[in-house]
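A.B. asks: Got a structure for you, questions after.
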Amino acid sequence: MPAPEKIDYTERIPNNVDIAQDRRLLRALEEWQPRFLNWWSEMGPEGFQAKEAYLRTAISVDSKGWAHFDWVKMPEYRWGIFLAEPEAGRAVNFGAHKGQPAWQEVPGEYRAVLRRLIVTQGDTEPASVEQQRHLGRTCPSLYDLRNLFQVNVEEGRHLWAMVYLLHAHFGRDGREEAEQLLQRRSGDRDKPRILGAFNEKTPDWLAYLMFTYFTDRDGKYQLCSLAESGFDPLARTCRFMLTEEAHHMFVGETGIGRVVQRTCELMREHKTSDPGDVRKQGGIDLPTLQRYLNFHYSVSLDLFGSEVSTNAANFYTFGLKGRFEETKKADDHLLREATYPVTRPDGERLVTREEPALTALNERLRDDYIADCQRGVDRWNQVIRKHGIDAELGLPHRGFHRAIGAFAGVHVTPDGRMVGEVDWKARRDAWLPTREDEAYVASLMQPVVEPGRFANWIAAPARGVDGKPIEFEYVRLA
Ligand code: BYC
């Protein structure tokens, strides 16, 4: 039997949970595997399945060097099942079962709720691969192409992570849900993905970089909350997924940073602050960047659910989904008496009121997320300042362009004023990407595949991957 932190690659399905011991589970997963591969060949990166990419694979789940880099054709990537090491004596750390030993099996009374949470999480993973499948054809460099493929194979692995839980712990229902995860399609009218942002298009690389910054960051906060779960297999799965998620957000933060840098270089070189001039030079002007940011941030805010949610209160009280850094918080971890401030529209105004902390848990997580988003924006603004340019990017108000929760159906400006339909329509194009912006950005999406070269609209990264030079041939296209 392998040491728990080691991953066994001699198995058909690499894993560190000794699935071979459970014949039924092994058989179920081995039946699902070819269906996953069919889905991957149909919906995974278009046009690159036979190419070798320099990708990282997990070899061990301990903190020291879990990654191994090698040349891989994506369909041969060793997708598998990796859970973080078990924590001896782990307990349920919050909610009504606080203090009881963490569950190794699904508590019968929470079966349906837990399944729903796992399915919702699982559904986002293949969705993002579907959204990004066409991007390879317009990559700004081989470095970026490689990072895209790394993100895609890891989202595929995250699907495996949730499918393992469904198969191992939810019997026949779980197997049916695992099948449905391969049947739904991002943006499909009849069989859409579950959450809003995962049915939006990712039409170009700017949208993709915004997605990896803002939407993958929702992933981080949701996974952190699920990593606190009293259902131990879910907690351990999410803890390992978070190590992979960090790379996706790195791609977004440094990617947008490089776009900002290139824009500033063009502005300086051509002594201009006129967006039209930046476009003439083939760059992405700051107002367009701000509009893309506004869109991706607002659809990602929606992913946290309603401000006041009894679902969220139940997830917490049942011990299934905690707060961000639950165990670091110094309170009773029950939240029966506590309150939390929530801002919502009330008539013509936005009003902040104390709400029961339990029902305000989605909003609290959204607040943690907003503070984290701001940190990256601050870093992008430093790049702008370093170029001596008097401009700033900013996060719009939380109520801006929302479709879920209390702000759905009202209009809030980026600076947080409630306005009517007429004002909204008159200003919409200043705040959200227009058809014309999208057409312009699309016109920039010409593939650059010569090692070490980058499209004109994005700067080179500070360093390459795995200590390799920037001009390394990260994907072998020949
Ligand atoms: N779109 O009480 P409410 C990631 C539904 S991203 C459509 O407001 P609740 C990744 C909701 O399902 C992280 N529907 O919300 C990133 C509910 O329906 P039911 C993904 C929505 O339940 C990049 C109803 O509205 N993980 O990993 O407290 C690349 C009322 O719900 C939306 C998770 O989301 C929406 N935006 O919270 C790859 C974690 N929002 O049940 C991957 C698991 C709400 O009444 N999911 N609804 O039919 C959850 O924790 C919760 O389901 C949510 C919603 C936070 C999403």
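A.B. asks: Name, by its number, the condition in (1) assigned to a loop (DSSP other than H, G, I, E, B); (2) among the β-branched types (Val, Ile, Thr); (3) under 29 Å from Val151 (Cα atoms) that does not hold for Ile370.
C.D. replies: Status for Ile370: all satisfied but (1).
A.B. asks: With respect to Glu105, is the statement that it is in contact (Cβ under 8 Å) with a residue 60 or more places away in the chain, acidic (Asp, Glu) and either crowded, with 24+ Cβ neighbours inside 10 Å or within 13 Å of the ligand (Cβ to nearest atom) (or both) true?
C.D. replies: Spelling it out, it is not the case that Glu105 is in contact (Cβ under 8 Å) with a residue 60 or more places away in the chain, acidic (Asp, Glu) and either crowded, with 24+ Cβ neighbours inside 10 Å or within 13 Å of the ligand (Cβ to nearest atom) (or both).
A.B. asks: Within the set of pairs 6 or more residues apart or between chains, which connect a residue that is of a type in the set (A, V, I, L, M, F, W, C) inside the stretch 246-259 to a residue that is surrounded by 22 or more Cβ atoms within 10 Å (Cβ to Cβ) and modelled with pLDDT of 95 or more with Cβ atoms less than 6 Å apart?
C.D. replies: The qualifying pairs are Met249/Asp216; Met249/Arg217; Val251/Asn147; Val251/Thr212; Ile256/Leu209; Ile256/Tyr213; Val259/Ile284; Val259/Ile458.
A.B. asks: Would you mind finding the one in Arg172, Arg111, Arg189, Arg137 that is assigned to a loop (DSSP other than H, G, I, E, B), away from the ligand (no atom under 11 Å from the Cβ) and surrounded by fewer than 17 Cβ atoms within 10 Å (Cβ to Cβ)?
C.D. replies: Exactly one of Arg172, Arg111, Arg189, Arg137 is assigned to a loop (DSSP other than H, G, I, E, B), away from the ligand (no atom under 11 Å from the Cβ) and surrounded by fewer than 17 Cβ atoms within 10 Å (Cβ to Cβ), namely Arg189.
The rows are residues; the columns are (1) outside any loop (DSSP other than H, G, I, E, B); (2) open to solvent by less than 10 Å² (accessible area, probe 1.4 Å); (3) in contact (Cβ under 8 Å) with a residue 40 or more places away in the chain; (4) within 16 Å of the ligand (Cβ to nearest atom).
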| site | (1), (2), (3), (4) |
| --- | --- |
| Phe149 | yes, yes, yes, yes |
| Val153 | yes, yes, yes, yes |
| Pro203 | no, no, yes, no |
| Met210 | yes, yes, yes, yes |
| Arg217 | yes, no, yes, yes |
| Leu223 | yes, yes, yes, yes |
| Leu234 | yes, yes, yes, yes |
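A.B. asks: Any idea which residue in the stretch 309-347 is most open to solvent (accessible area, probe 1.4 Å), counting only those that are among the hydrophobic types (A, V, I, L, M, F, W, C) and within 10 Å of the ligand (Cβ to nearest atom)?
C.D. replies: Phe315
A.B. asks: Just to be sure before I move on: is Gly388 out of contact with any Phe, Trp or Tyr (no Cβ under 9 Å at 6 or more places or on another chain), within 15 Å of the ligand (Cβ to nearest atom), farther than 27 Å from Leu242 by Cα and not in a strand (DSSP E or B) in the structure I sent?
C.D. replies: no
A.B. asks: Then there is this: Could you list all residues from the stretch 43-59 that are at pLDDT 95 or above and open to solvent by less than 10 Å² (accessible area, probe 1.4 Å)?
C.D. replies: Gly44, Pro45, Ala53, Leu55
A.B. asks: What pairs can you find where one residue is in the stretch 402-414 and over 17 Å from Arg364 (Cβ atoms), the other is among the aromatic types (Phe, Trp, Tyr) and modelled with pLDDT of 95 or more, and their Cβ atoms are less than 7 Å apart, with a gap of 6+ or different chains?
C.D. replies: His411/Trp424; Val412/Phe400; Thr413/Phe400; Pro414/Phe400; Pro414/Trp431
A.B. asks: Next up: When you go through (1) within 16 Å of the ligand (Cβ to nearest atom); (2) polar (S, T, N, Q); (3) crowded, with 24+ Cβ neighbours inside 10 Å one by one for Ser306, which number turns out not to apply?
C.D. replies: (3)
A.B. asks: Just to check your reading of the model, which residue among Leu320, Leu361, Leu334, Leu365 is farther than 16 Å from Leu226 by Cβ, of a type in the set (A, V, I, L, M, F, W, C) and at pLDDT 95 or above?
C.D. replies: The conditions single out Leu334.
A.B. asks: Could you please find all residues in the stretch 278-295 being open to solvent by 50 Å² or more (accessible area, probe 1.4 Å) and over 17 Å from Ala459 (Cβ atoms)?
C.D. replies: Lys280, Pro287 - these are the residues of the stretch 278-295 that are open to solvent by 50 Å² or more (accessible area, probe 1.4 Å) and over 17 Å from Ala459 (Cβ atoms).
A.B. asks: Taking the stretch 192-201 only, how many residues are near the ligand (Cβ under 8 Å from one of its atoms), in a loop (DSSP other than H, G, I, E, B) and more than 22 Å from Ala246 (Cβ to Cβ)?
C.D. replies: Qualifying residue count for the region: 1.
A.B. asks: Within the stretch 11-42, can you find the residues that are of a type outside the set (Asp, Glu), touching a Pro at 6+ places or on another chain (Cβ under 9 Å) and open to solvent by 30 Å² or more (accessible area, probe 1.4 Å)?
C.D. replies: Val17, Leu37, Ser41
The values are calculated or read from the model by the stated rules, or taken from the named source; none is laboratory data. As the structure is a prediction and not an experimental result, all values here were calculated from the model. Virtual Cβ from ideal backbone geometry, glycine too; neighbours counted across all protein chains shown. Protein only, heavy atoms only, side chains kept; ligands, DNA and RNA dropped before computing areas. Shrake-Rupley method; radii C 1.70, N 1.55, O 1.52, S 1.80 Å.
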